[in-house]
Each structure stands twice: as C-alpha cells, then as structure tokens.
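J.: Structure incoming, see below.
Just so it is clear, none of the values below were taken in a lab; they were calculated from the coordinates. Owing to the predicted nature of the structure, the values given are computational and were not obtained by experimental measurement. Ideal geometry is used to build each Cβ from the backbone, glycine not excepted, and the neighbour counts take in all protein chains shown.
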Amino acid sequence: MYSTKFSVGLHILSLIALKEEKSITSDYIAGSINTNPVLVRRLMSLLKKSGLIVAQTKIGATGLAKPANEISMKEIFIAVEGDVPLFKIHEDTNQNCPVGARIGAVVTHVNHQMKEKFNEELDSIYLIDILMDLDEQTKYK
C-alpha cells in the first residue's frame, strides 16, 4: 500500500491553485492538512523539483508552475511517490518447486500490466478536475 503522500500532494496543489494571497507558506498548508510543516516542506520540495509548483524558501509557494489543466495525476503521483511498482514481489521462493521457480516472472508481468493501466488512468485526470470537484463540493455545503 502506498503512503498518503499522493493525497497530501493533491491537497497542497489545490491550496496553491486556489490561494488568494501572493504566496502560501508551509505552516498555512500544514494547518489545512493537520500535519507537521516539515512534511509539507518535503513534499513541496518534490513538487518543485518535478516542475509542478513555484516556491522559495521563507516565502512559500507562489503558484503552480503550469496551468492546472496541464498537471496530470500521473505527474503528481510520480513526483511524490516515485515511479515504483504497484506491489512488491516475493523473491525468496523455492527454486526446486515448479511454481516457486516461475511465479516471480509471472507476477512481475502482471505487476507491469497493472502499472500500465494505473498510469493510463492517472494520465487521464488533471488537477483542474480536482479543483472543479472541490468547487462542486463547496456548493452543496
């Protein structure tokens, strides 16, 4: 199972995109997420390195690095989680067993196929979709 970095990354990007001030600090973002500002700064650093936000030390985030309709969930996911397999494969199998000797290759292939589909789906959803959903949710409160 993955960590909460992806959902927290979405939270950070949404706050930055919807901010009304010129900049938004990690302390402010941490207050919204209800977490430690250090975690927020680490994730903001990853988002900045991936070209998703513009940020400066002590000033905070000053905006998205590109429009929300050009930032895919795949970019965000890879920025905060890395490009890792969907699940780990047990490697210490009994090579004298007919299944144990071959299961790793089979499961690796399945993992690869699932990751491709996962990435395709992530690549079809953009930050603007999240922002629009947030706007819809706000209307019904």
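Matching residues to (1) under 30 Å from His109 (Cα atoms); (2) in contact with a strand residue (DSSP E or B) (Cβ under 7 Å, 6 or more places away or on another chain):
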| position | (1), (2) |
| --- | --- |
| Ile16 | no, yes |
| Ile29 | no, no |
| Asn34 | no, no |
| Ser50 | yes, no |
| Glu81 | yes, no |
| Val84 | yes, no |
| Glu91 | yes, no |
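J.: Let me ask another. If you take the residues of the stretch 82-135 that are out of contact with any helix residue (DSSP H, G or I) (no Cβ under 7 Å at 6 or more places or on another chain) and polar (S, T, N, Q), which of them is surrounded by the fewest Cβ atoms within 10 Å (Cβ to Cβ)?
T.: Asn96
J.: Can you pull out the residues in the stretch 82-141 that are β-branched (Val, Ile, Thr), closer than 17 Å to Ile71 by Cβ and in a helix (DSSP H, G or I)?
T.: Once the filter is applied, which keeps residues that are β-branched (Val, Ile, Thr), closer than 17 Å to Ile71 by Cβ and in a helix (DSSP H, G or I), the stretch 82-141 yields Ile128, Ile130.
J.: Could you check the stretch 66-81 and list, in sequence order, the residues that are assigned to a loop (DSSP other than H, G, I, E, B) and buried (at least 18 other Cβ atoms within 10 Å of the Cβ)? So that I can check it myself, show each step before the final result.
T.: Taking the stretch 66-81 first, the residues assigned to a loop (DSSP other than H, G, I, E, B) are 66-67, 71.
Ile71 - this is the single residue of the stretch 66-81 that is assigned to a loop (DSSP other than H, G, I, E, B) and buried (at least 18 other Cβ atoms within 10 Å of the Cβ).
J.: Something else: Being β-branched (Val, Ile, Thr) and within 16 Å of Val54 (Cβ to Cβ) is the filter; apply it to the stretch 24-39 and report the residue that is nearest to the chain's Cα centre (by Cα).
T.: Only one residue tops the list, namely Ile29.
J.: For the list (1) farther than 29 Å from Val8 by Cα; (2) in contact (Cβ under 8 Å) with a residue 12 or more places away in the chain, I need the number of the one condition that Met114 fails.
T.: Here Met114 meets the rest and fails (1).
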